[in-house]
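Some notes on the structure that comes next.
The values are calculated or read from the model by the stated rules, or taken from the named source; none is laboratory data. What you see is a predicted model, and the numbers here were worked out from it, not measured in a lab. Neighbour counts are summed over all protein chains in view; Cβ atoms, including those assigned to glycine, are modelled from backbone coordinates with ideal geometry.
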Amino acid sequence: MSAEPDQTCFAPSERADVDAIERQFSILSGHEIPVVLNAMPIIAMVLNRCRQVVFGNRKFVEALGVPDIREALGKRPGEAFRCIHAAKAPGGCGTSEFCAHCGAVRSILLGLAGRENVQECNINRKLGDSIEALDLRVSSAPLALDDEHFLIFSITDVSHEKRRRTLERIFFHDMLNTVGGVQGLLEFLVDEVPGDLRADAQLIYRAVVQLTDEITYQKQLLAAETNELETNMTPLRAADILEVTAATFQNGEQARGKLIETCDNCGELVFSSDPVLLRRVLGNMVKNALEASKPGDVVRLGCNPDAAAVEFWVRNEGLIPRSVQLRIFNRSFSTKGLGRGLGAYSIKLLTERYLGGTAGFESTAEGGTIFRVRLPRGAGQPPVPKPAV
């Protein structure tokens with residue numbers, strides 16, 4: 001260790017000397033650690049108890065732009081990557097006041113305390129005469145080897161993901177504002193246009209409403225996949241949910257020549273759920289059933305209660321081939337062509353990740369295809385009504 005450690009504003013400033021670094025590098029080089037780390041497709045390095053690099057894989061060397069790992073030995077990650085704050089304090093990386101808010105330093109300290117973890121880190125690093133901003137996902141895992149304590153520290157550049165999510169938020173915000181303005185204007189015009197143009201105005205208005213709903217759905221789905229979707233659990237009446245769902249699709253293009261029937265066994269049952277997400281789930285179930293039905297077919301939807309849950313179901317008369325059944329909930333899988341395959345996937349995603357329920361289906365030649373979502377009723381709800389005979 002250095003004889004007189006520098007002052008620090010956050011992490012310890014002590015460092016191992018050159019001889020200790022060489023010894024630790026030799027220990028690691030004599031094991032399978034280099035082979036394992038070089039097989040990893042991400043930046044990975046081994047740090048000692050003083051947060052210094054004692055080994056790094058090929059991805060690490062490539063990211064630094066150095067010919068050999070030895071040029072990085074003894075440096076801390078921020079120093080190796082030329083973080084603009086790494087030299088702000090005499091103790092180097094991890095010791096300035098800026099470092100107290102660094103996800104990488106925090107991850108390393110947790111790892112040295114014996115806790116595997118994943119953190120996010122935003123750094124600005126010097127790249128020639130310019131500054132490069134990086135959004136990173138970092139992870140730390142303790143490693144014991146030959147009575148020495150090390151830390152495997154890995155880095156994944158997620159800058160492109162962050163930029164994409166920012167652009168997506170801006171896009172959806174601007175699109176919904178624009179389409180919402182058009183929808184409001186059309187709503188006003190529907191009542192003001194001459195009678196012979198009213199049917200056309202209503203048709204355009206419904207198309208814009210559908211477009212707004214589709215944009216909102218895509219926004220919700222992206223938020224759900226990235227764990228950013230917020231739920232609003234409120235008391236709901238099961239019969240109302242069925243009625244609204246059936247009415248939404250009965251006069252739509254997909255229901256032309258087909259009939260939608262409701263089978264309500266829930267009576268006055270009240271349960272807790274998010275009304276927007278639940279309508280989205282049931283809407284996708286009905287939409288899929290209509291698309292799988294022929295003119296003259298009947299699509300039925302209903303609900304069944306028990307003491308702990310309420311189950312909503314949608315049935316159509318078609319049979320799903322076994323090869324399709326095995327992949328029905330996979331993202332982007334569809335028998336309808338490119339750009340499809342999110343409907344069934346979103347049913348399972350929204351139900352199981354956000355509504356606290358389960359989603360499933362069964363499909364037989366005798367009984368047709370039934371999709372089911374089972375949702376908890378929530379605390380303090382009325383008794384279960386007796387099923388209709």
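Some observations on this one:
- Residues in the range 224-281 that are of a type in the set (Val, Ile, Thr) and more than 18 Å from Arg377 (Cβ to Cβ): Thr226, Val244, Thr245, Thr248, Ile260, Thr262, Val276.
- Residue check, Leu186 hydrophobic (A, V, I, L, M, F, W, C) and either assigned to a loop (DSSP other than H, G, I, E, B) or in contact with a Ser or Thr (Cβ under 8 Å, 6 or more places away or on another chain) (or both): no
- Test: residue in the range 114-134 that is in contact with a Leu (Cβ under 9 Å, 6 or more places away or on another chain), crowded, with 17+ Cβ neighbours inside 10 Å and within 23 Å of Glu32 (Cβ to Cβ): no
- Whichever residue in the range 50-68 is modelled with pLDDT of 95 or more and β-branched (Val, Ile, Thr) and, among such residues, is nearest to the chain's Cα centre (by Cα): Val61
- Qualifying residue in the range 313-327 (condition: closer than 17 Å to Ala344 by Cα, without any contact (Cβ under 8 Å) to a residue 12 or more places away in the chain and of a type in the set (Lys, Arg)): yes
- Output for the range 335-362, where each listed residue is part of a loop (DSSP other than H, G, I, E, B), at pLDDT below 85 and under 22 Å from Leu278 (Cα atoms): Arg340, Gly341, Leu342
- Residue list for the range 283-301, restricted to those being more than 27 Å from the chain's Cα centre (by Cα) and more than 11 Å from Ile370 (Cα to Cα): Leu290, Glu291, Ala292, Ser293, Lys294, Pro295, Gly296, Asp297, Val298
- Whichever residue in the range 217-271 is free of Cβ contacts under 8 Å to residues at least 12 places away in the same chain and among the acidic types (Asp, Glu) and, among such residues, is farthest from Arg164 (Cα to Cα): Asp240
Yes or no, residue by residue, for (1) farther than 24 Å from Gln210 by Cβ; (2) crowded, with 19+ Cβ neighbours inside 10 Å:
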{"site": "Pro235", "(1), (2)": "yes, no"}
{"site": "Val270", "(1), (2)": "yes, no"}
{"site": "Val286", "(1), (2)": "no, yes"}
{"site": "Asp297", "(1), (2)": "no, no"}
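- Top-ranked residue in the range 1-58 [being part of a loop (DSSP other than H, G, I, E, B) and β-branched (Val, Ile, Thr); ranked as surrounded by the fewest Cβ atoms within 10 Å (Cβ to Cβ)]: Ile42
- Residue list for the range 94-113, filter: exposed (fewer than 14 other Cβ atoms within 10 Å of the Cβ) and assigned to a loop (DSSP other than H, G, I, E, B): Glu97, Ala113
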